[in-house]
Amino acid sequence: MLKHLVSVLIALSATFNSSSFAQDSPCSLHGIVVTSDAAKDEWVTFQKGKITAISADKPANSTNYIELDGYVYPGLIDTHNHIHYNTIPQWNGGQFPNRYAWQIEPEYLEKVEFPFSRQVDNKITNDAILYGEVRSIIGGATMIQSNYHESAPKQLIRNLDLGEYHAEASTGPIDKISDVDASKLAQHLSDHTSNRLFFHIAEGKKEDATTQAEFAILGKKKFWKPGVVVIHGIALGPNDFQTVKSNGMYLVWSPRSNLRLYGQTLDLPAALDAGVTVAIAPDWTITGSSNMLDELRFANNFLSKRYPGKFTAQNIFDMATKNAALVAGVEKQLGSIEVGKCADFLVTKKLKHLDKVSNQDQLYDPYTNLLKLAPADVELVFVNGRPVYGDSKLMTRYVPNSSSLKVGAADMKILIENEDGSDHINYTQLENRIKSVLPSVAPLYEP
Ligand SMILES: [Zn+2]
């Protein structure tokens, strides 16, 4: 009984702490606010998870003030991942003609599918999802597209698969979807049960026949229609991109995983020339990046070598923010910092580099800064107006009930609580539960 009473008291105080900070009272955050076309020294005020004002001057009547001088970016949107696999370390098994080839490779089955089955058998899938979310949020994502199983609790970050955002994903081969299932999925788009349908299409080498055939099969199954999102699209050419654009469809680009598995990736310049909106996402951590920041940095290095001078840091920022919001169908809520939108922010340090001409330290511009960041450079990540990850000192000050974790050598903290705010999950306990089941657990961050 006493034990029960104590847990009720802890629960009440936890709810009070978290709701009093941001959910109900106005909070104002200061920093250099970065949007697609500007970076300004401003205060962003938010309440009940929504941005209520943006001003140059310090607002007079907020309850909480968080005065930082770093960059305030919109929360990054990860438009494609398989988050419950992200407990498993990276696997590098060489190159393959298409995704169906590595999925039956004995080494892949042993290194990836075997530990994955252990998670399921030991009933730690929700823990695995949570660990995957931690890995994602330390890299600045506040929303993720991933197939969550139906009973998965709502955890750290916004999930694009859940009812609220009306997005569905089909991960199997397009030619194996039965006509009955295809017509059900298409009906969801027509009657607006779904706003977006995500398909893995043409994930393989451009010269591979299976890879080449999939986009046409998508059309035959009557999925060349508004709201359909093509993940990968490696074999698509200019005419296909015209089809994507003219039918109101979108693309998700996962360069790191594509290049690891196939040595090739989407023809990004041709897709953009056709006017297609493209988002960038890691796919998963097994063959892709640990998180969005990592994927953005990878993309920048790849693009600057493959297409020198063609893409700017701002273009890459857009693919993770406003364009990702369009691809996800959440552009009214997320993807930029504007009054009325959700209070999801990535607040980071301003990094410096040595200028070769002046021989003095210079700040990166805010877009380039984003491409240089590691998870330890994050000051705070806000989801729905609440800090959930960040620098240990800041988190201790604003969210005292958050739990400690080491990210590389840095002391950081994360807030993990149940959906109803009733209890807090200790990060070390979460990690230990996974370690007790898996022979080897992926570190939080594998650069
Ligand atoms: Zn995928």
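Hey, can you tell me all the residues within segment 395-405 that are part of a helix (DSSP H, G or I) and more than 23 Å from the chain's Cα centre (by Cα)? Hits for segment 395-405 are Thr396, Arg397, Tyr398.
Every residue in segment 234-259 that is under 21 Å from Ala320 (Cα atoms) and either in contact with a helix residue (DSSP H, G or I) (Cβ under 7 Å, 6 or more places away or on another chain) or within 16 Å of the ligand (Cβ to nearest atom) (or both), please. Listed by number, the residues that qualify are Ile234, Phe241, Tyr250, Leu251, Val252, Trp253, Ser254, Pro255, Arg256, Ser257, Asn258, Leu259. Count of segment 195-224 residues, restricted to those that are surrounded by fewer than 20 Cβ atoms within 10 Å (Cβ to Cβ), touching a residue at least 24 places away in the same chain (Cβ under 8 Å) and over 21 Å from Ala281 (Cα atoms), is 7. Out of segment 57-89, which residues are closer than 28 Å to Ser440 by Cα and either over 27 Å from the mean Cα position of the chain (by Cα) or away from the ligand (no atom under 16 Å from the Cβ) (or both)? Thr87, Pro89, listed by residue number. Sub-9 Å Cβ pairs linking a first residue in segment 428-447 that is acidic (Asp, Glu) to a second residue that is not in a helix (DSSP H, G or I), at least 6 apart or interchain, are Glu431/Leu405; Glu431/Val441; Glu431/Leu444; Glu446/Pro89; Glu446/Gln90; Glu446/Thr285; Glu446/Ser289; Glu446/Ser290, ordered by first then second residue. The residue that is farthest from Pro443 (Cα to Cα), among those in segment 97-126 that are in a loop (DSSP other than H, G, I, E, B), away from the ligand (no atom under 14 Å from the Cβ) and of a type outside the set (Lys, Arg), is Pro97.
What is the one condition in (1) without any contact (Cβ under 8 Å) to a residue 60 or more places away in the chain; (2) away from the ligand (no atom under 16 Å from the Cβ) that Asn159 does not satisfy? Here Asn159 meets the rest and fails (2). Identification of strands (runs of 3 or more DSSP E) wholly contained in segment 40-85 with 1 or more residues that are of a type in the set (Asp, Glu) and surrounded by 18 or more Cβ atoms within 10 Å (Cβ to Cβ) yields 76-78.
Values quoted throughout were computed directly from the atomic coordinates according to the rules given, and no laboratory measurement underlies them. Quick caveat: nothing in here was measured; it's all calculated off a predicted structure. Positions of Cβ are generated from backbone atoms using ideal geometry, with glycine treated the same way; all protein chains shown enter the neighbour counts.
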